[in-house]
Amino acid sequence: MKKNICPAIIPAPKKCRIQRDSVSVTLSMRIRKAAWQSARQVFSAYTERLFGLSVREGDGILLFCDEQLADNAYRLSIAEDVRLFAGGYAGAMYGLATLVQMLRQENGQLRVVRSEISDWPDTDYRGLMIDLARKWHPFETLLRYVDLCWFYKINKLQLHFTDNQSFTLPSRAFPRLMRENAYYTPEQISVLNAYAAARGVALVPELDLPGHSKVLTTEYPDLFGGAAPLRAGQADTAICLGRADVFDNAEKLLYEMLELFPQSDLVHVGGDEVDHSLWDGCPHCAAYRRANGLRDAAAMYNDFVRRITDTVLQAGRTPIVWEGFPKEGSEKISRDVIVMGWESYYHLAPDLVAEGFRVINCSFQPLYIVPDRSKMTWTYSDVLQWNLYRWQNFYELSPAHEHPIQMQPTDRIIGAQVCAWEGDYAQEMSCVRENLAALSERVWTVNRQRSVETFADSLAMLSDTIGRLT
């Protein structure tokens, strides 16, 4: 038996011993833990799509709970039968994803190499974000993104539902936000919740406030719009924080989202790229600042981030925001808030970590995917040469442009995420398939990296499978 020779598995397992010969797999499964029975349906859904074969009950594949393993760890033993040991449901899903990647159909049989694999992730947050507000994504494509996350052992899927262009969540309180055939129904979201949960993928819904909110200020100007005159070329993209009841109305939108996603422990509330000059000269904002002892618009910005994240915390969830709120005055924001560091312009990751925040690496370069902008195009090779503690940006004004930020390892950086912006499913999926695979490779095992050539071989071997799943 050869040591540490891995078949085409992404991400590469930490411990892998394989033999050269393969065995036939009987597509039947027996699950030794009652609470995991949905694992058979999940596994069968993929074998049906890939091979036209369903999984019946039986002893071909045995799934055990091993309480000595961590919840997200698994051990896969393939000999005369297939035995999967997992510490928790997450580990079971990772083990089944590995098995799916290894299966090959030969002469009407499913075969897999004899193997002993032990594996677990190094990071808690391995994510993909999809922009659902700028380009409409049909509901069925959201299920395909869940499939891709499951396949690559990506455990978080952030859904950017709202932006200047559209508001794709349903709303009873503000029905004018819903545009015909351009929002997801409560029934669809319920299906999505169940589909993701069965696959061990946590959904992270996002309501982007107080900026990126032109749809709010346009459809409900008397509730969310500002009173200051706009400059030439300026758009009313930030809600007016000084209006009476504006925060109550923002909370209504937030509570509606929380109700739609009862299983989502992590909730994103935006917080980035706020043109707070919109609040200068606004009588409502001036009155609000005086009443609350806030020095300027930047202080109002931090005050809003504090209030909206406190609301999430009070609801028993953990809030996430984008890097964007000003450093000065941020001591009032709870350190239970998680920050996604992306542009390295507003508030640098080393400062956020030093201030006590947990940070998710969303480095613009190379983790952003923006299909129609050539300057923002990076490949899986670029992602493989990046690491969890590195930030870089093509933007000339960012401190991470000429001199990328390389931090020392710290447990305050809890993971990383690929972010796909401004494209529709057809435009972005080919790049997402590859770059997300590379992200998984880099953050599943932080201190290990296959060569670009070896990874490319694995990606090529799995490309047909990935194509049929997504």
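The values are calculated or read from the model by the stated rules, or taken from the named source; none is laboratory data. Predicted model, so just to flag it, every value in this text is computed and none were measured. Ideal geometry is used to build each Cβ from the backbone, glycine not excepted, and the neighbour counts take in all protein chains shown. Accessible surface areas use protein heavy atoms only, side chains included; no ligands, DNA or RNA. Shrake-Rupley method; radii C 1.70, N 1.55, O 1.52, S 1.80 Å.
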Inset, instruction - State log₁₀ I(q)/I(0) for region 283-340 at q = 0.25, 0.26, 0.30 Å⁻¹ as given by the Debye formula over alpha-carbon point scatterers of equal weight, solvent excluded. - result: -0.99, -1.04, -1.21
Legend entry - Counted charge near Tyr89, where neighbours are those whose Cβ lies closer than 14 Å (Asp, Glu -1; Lys, Arg +1): +2
Inset, instruction - Please give the helix 283-292 orientation as an angle from the longest Cα principal axis of the chain, in degrees from 0 to 90, rounded to the nearest 10. - result: 80
Inset, instruction - Leaving out ligands and nucleic acids, note down the accessible area per residue over the chain with a 1.4 angstrom probe, in whole Å². - result: 39
Legend entry - Carbon + sulfur, % of accessible area of the chain - ligands and nucleic acids excluded, 1.4 Å: 48
Inset, instruction - Take the Cα gyration tensor of region 1-89, multiply each eigenvalue by 5, square-root it, and list the three semi-axes largest first, rounded to whole angstrom. - result: 21, 18, 13
Legend entry - Other-chain or far-sequence residues with amide H under 5 Å of Leu53's (modelled H): Glu48
Inset, instruction - Please work out which option in (1) 32.9, 115; (2) 23.4, 77; (3) 22.3, 72 gives Rg and Dmax of the Cα atoms in Å calculated from these coordinates, and answer with its label. - result: (2)
Legend entry - Lysine pairs within the chain, Cα separation less than 15 Å, 8 or more sequence positions apart or different chains: 5
Inset, instruction - Please work out the Kirkwood hydrodynamic radius for region 361-470, using every pair of different C-alpha atoms, and report it in angstroms with one decimal place. - result: 14.7
Inset, instruction - Determine the sum of side-chain charges near Pro283: Lys and Arg each +1, Asp and Glu each -1, restricted to other residues whose C-beta is under 12 angstrom from that of Pro283. - result: +2
Inset, instruction - First obtain the Kirkwood hydrodynamic radius of region 148-296 from its Cα pairs, then insert it into the Stokes-Einstein equation at 25 °C and 0.890 mPa s, and state the resulting D in µm² per second as a whole number. - result: 148
Inset, instruction - Just round it to a whole percent: the fraction of Cα-Cα distances in region 147-232 exceeding 20 Å. - result: 46
Legend entry - Within the chain, helix-based [θ] at 222 nm, where runs of 4 or more DSSP H residues each add -39,500 (n - 2.57), nearest 500: -10500 deg cm²/dmol
Inset, instruction - First select every other residue whose beta carbon is under 11 angstrom from the beta carbon of Gln365; then total the charges, Lys and Arg +1, Asp and Glu -1. - result: 0
Legend entry - Rounded if a/c under 1.5, otherwise prolate or oblate - region 416-470, Cα gyration tensor axes: oblate
Inset, instruction - Using all C-alpha to C-alpha distances in region 270-366, build P(r) with 10 Å bins and read off the rounded percent in each one. - result: 16, 46, 30, 8, 0
Inset, instruction - Could you tell me how many degrees, from 0 to 90 and to the nearest 10, lie between the Cα long axis of helix 38-51 and the main elongation axis, the longest principal axis, of the Cα atoms of the chain? - result: 70
Inset, instruction - Identify the residues of region 194-216 with backbone N under 13 Å of a label point that sits 7 angstrom from the Cα of Phe139 along the Cα-to-Cβ direction, or state none. - result: 194-195
Inset, instruction - Averaging sequence separations of C-alpha pairs under 8 Å and six or more residues apart, then dividing by the length of the chain, give the relative contact order as a whole percent. - result: 14
Inset, instruction - Kindly express, to the nearest 10 degrees and within the range 0 to 90, the angle between helix 89-102's C-alpha long axis and the longest C-alpha principal axis of the chain. - result: 60
Inset, instruction - Could you pull out the trypsin sites (Lys or Arg not before Pro) across region 201-252 that fall in loop regions by DSSP (anything but H, G, I, E, B) with no more than 13 other Cβ atoms inside 10 Å? - result: Arg231
Legend entry - region 54-181, Cα convex hull volume normalised per residue, Å³: 176
